1. Select from region 1-57 the residues that are modelled with pLDDT of 90 or more, in a helix (DSSP H, G or I), more than 28 Å from Val138 (Cβ to Cβ) and not hydrophobic (A, V, I, L, M, F, W, C) and list them in ascending order.
2. Identify, by number, the condition in (1) open to solvent by 40 Å² or more (accessible area, probe 1.4 Å); (2) touching a helix residue (DSSP H, G or I) at 6+ places or on another chain (Cβ under 8 Å) that Pro503 doesn't meet.
3. With the requirement that a residue be assigned to a strand (DSSP E or B) and either among the hydroxyl-bearing types (Ser, Thr, Tyr) or open to solvent by less than 50 Å² (accessible area, probe 1.4 Å) (or both), what does region 614-637 give you?
4. Just need a number here: residues in region 532-571 that are of a type in the set (D, E, K, R), touching a Leu at 6+ places or on another chain (Cβ under 8 Å) and over 17 Å from Tyr625 (Cα atoms).
5. Does region 564-597 hold any residues that are part of a strand (DSSP E or B) and in contact (Cβ under 8 Å) with a residue 24 or more places away in the chain, and which are they?
6. Would it be correct to say that Pro130 is open to solvent by 10 Å² or more (accessible area, probe 1.4 Å), in contact (Cβ under 8 Å) with a residue 40 or more places away in the chain, part of a loop (DSSP other than H, G, I, E, B) and closer than 21 Å to Leu315 by Cα?
7. Name the single residue that is modelled with the lowest pLDDT among those in region 356-374 being of a type outside the set (A, V, I, L, M) and farther than 18 Å from Ile310 by Cβ.
8. Exactly one of these conditions fails for Ala253: (1) part of a helix (DSSP H, G or I); (2) open to solvent by less than 50 Å² (accessible area, probe 1.4 Å); (3) modelled with pLDDT of 90 or more; (4) not charged (D, E, K, R). Give me its number.
Amino acid sequence: MELVPDGAARWRMRGSAPRRSIFSLVALLFLALRLVPLQPAMPDSALDPSWQWALNAAVADDMSFGRDLVFTGGPASSVVTTMYHPSTYIWTVGLSLLLAIVMWAALRMTCNEERWLHAAVATTLLAGLPEREGLLLVAPLLAVMGLANALARESRRQNVLWLIAVALVISVMVVVKGSMLVLALTAYAASFFLCLKRGRLPVISLALPPLLVAVLWLLLGQRLQSLPSFAGAEVELASGYTDAMSLGDPWSALPAFLLLGIAGLAMCAGFARIRGIGGIGSVILAMVAAATVATGVKQGFVRADEHLLIAFSALLGIGIAALAVSHRNVRTSAGAALLIVLAVVCVEFGAGALTLILPAHQLEGVESADAAVRRAVGALPSLSTQYNSAVASISQDVSLPALAGTVDIYSYNQADVLSRSLNWSPRPVFQSYSAYSVELAERNRAHLSGGAAPEWVIFAPQAIDDRYPSAEDGPSWVELLRRYEPSTFAGDKVILHRRPAQPAALPPPSGRGTEARLGQRVDLSPSSGLQFVTFEIDPSTLGLAALTLYKSQPLRLTVWTADGVDHTYRLPLGMARAGFLLSPMTSTASEFGSLYGNPSDCETPSRTVVALKVDSTNLLWNSIYRFAVSPIVSPPM
């Protein structure tokens, strides 16, 4: 290997062809080991492992995504989560390997033989990014970059191959996770306009991605007619996600959000100056890069927890790729942007956090390969044995009886049902904290009143993020009270059985609306029994913009109980509009069970709500709102 002159003041690296190939293949190996989960995650009983396992189980049970199931993950969600299931693992491996090969090939082609070492180093660094999902967000950008480079050449064969590669990446993004739909659509539009501008295969670029999406959807066991429902459900989930799921003070995190956004956009400039790709092609690439920045940064800052690693990984991935492929005149700006990202990490989390986010996690892939080798020689149990052991371990800790008939569980902990091999028959939004819009909550309520309702419901209020205890799946509580009755208690859960005689459908909750101001305490009219509340609250114009581009200050609900104690909770907007049980306050399974008895049994001073107040930042929310309180009438036991 040696440095040879290339023009007056430029130098390039030259190595023998075998050496270049070895370096390139080693880089591919690192990236493949990082993306292909050779040591996948195993089932667990916590919140996230429950939905990850449940999505795999839904594929195995031929459930229809978008109709039977509505969630942010798709039928190939294990490509992101790496959760093992015997029915889906082969797809996880195959699709992950496909993405690794496309990303590697895109860098290798764009850097070409002259800068082969840039491509090898960049691929190896991508393999070291700390968060898998952030790395996956970069895949559509690199695929489109490979296509742009191929279109700049005269080879029709390369053009067709890269159109197929882009279409495959788009199809994987669609079936993996709803948040990646934006990038899939961006890559789809970019590939079409690139082909249209070059006058090469525009019709194929328009038809091929939808075709491959449909084929992959069918191969994953889904019905083709459910694909539009899935897309619509993902849009609905995305529209309410920011308000319902955001964490942290938006004002304190705003400087870091803006700095990272600006740094990311500066990195995008690197894709606007790639040798061999024309001006319009570079502009299109920069736009895809900008969409990747926006998706990654917002996804990280909405939750502002470990999701921040997604943002940092996506930004680092974009920066690494930009440094490898961009013209040397813009590498300085891309490098400076990367330094800004690292500086933000130091300021926000301390210098120690750099060891977490630096692209130096290649060893994780090597360790997974080592585990695979040891499984192959019998030194470790097989994946199926590990899976069965994990399921048995969960089952031992679950105190659920055998239940004959279909079963659903509220609010989450689907692992409890799956580990006991019960006949899981979920509501559409199968984890209640995600039913955060009127439409999603109504889907779950209608499910309980329809023919597909489960015979048994295992119930425990499990509100997350300090929400009002009964706000999640609020309308479904009414149906549970009317259509089910307590059978027994199992640990911290109450087991409900469907009543033999089903009551008639209820009209929508009604009650005289009360107008109030944010921050105003409102005393409620004295009443007995169960009280259901709905709110009409709207964000201001600025608040709507904040929800779209970043996140807003959440609403807070304070209630006063008859014993004079005040309680403050977070109030997601969609759940406030859908409505929920306001009084008596109910936060445990035993308290929920008491709602079926004599009303006086649960109308204790510590649970009876006598006043309420909704508060937030007036700048982001309309100061005037309305609420209505109405009684819940359930059949006698």
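The values are calculated or read from the model by the stated rules, or taken from the named source; none is laboratory data. Small disclaimer: the values here were computed from a predicted structure and weren't measured. Here the Cβ positions follow ideal geometry from the backbone for every residue, glycine too, while neighbour counts run over all protein chains shown. Note: accessible area is taken over every heavy atom of the protein model, side chains too, but ligands, DNA and RNA are not part of it. Shrake-Rupley method; radii C 1.70, N 1.55, O 1.52, S 1.80 Å.
1. Ser50
2. Unmet condition: (1).
3. Initial filter on region 614-637 (assigned to a strand (DSSP E or B)): 614-615, 621, 624-632.
Result: Val614, Asp615, Trp621, Tyr625, Phe627, Ala628, Val629, Ser630, Ile632.
4. Looking only at that region, the number is 0.
5. Tyr569, Arg570, Phe580, Leu581, Leu582, Ser583
6. Numbers: open to solvent by 10 Å² or more (accessible area, probe 1.4 Å): yes; in contact (Cβ under 8 Å) with a residue 40 or more places away in the chain: yes; part of a loop (DSSP other than H, G, I, E, B): yes; closer than 21 Å to Leu315 by Cα: yes.
The answer is yes for Pro130.
7. Of the residues in region 356-374, the ones of a type outside the set (A, V, I, L, M) are 359, 361-362, 364-365, 367-368, 370, 374.
Filter again for farther than 18 Å from Ile310 by Cβ, leaving 362, 365, 367-368, 370, 374.
Numbers: Gln362: 88, Gly365: 91, Glu367: 93, Ser368: 94, Asp370: 95, Arg374: 96.
Checking each candidate, the answer is Gln362.
8. (3)
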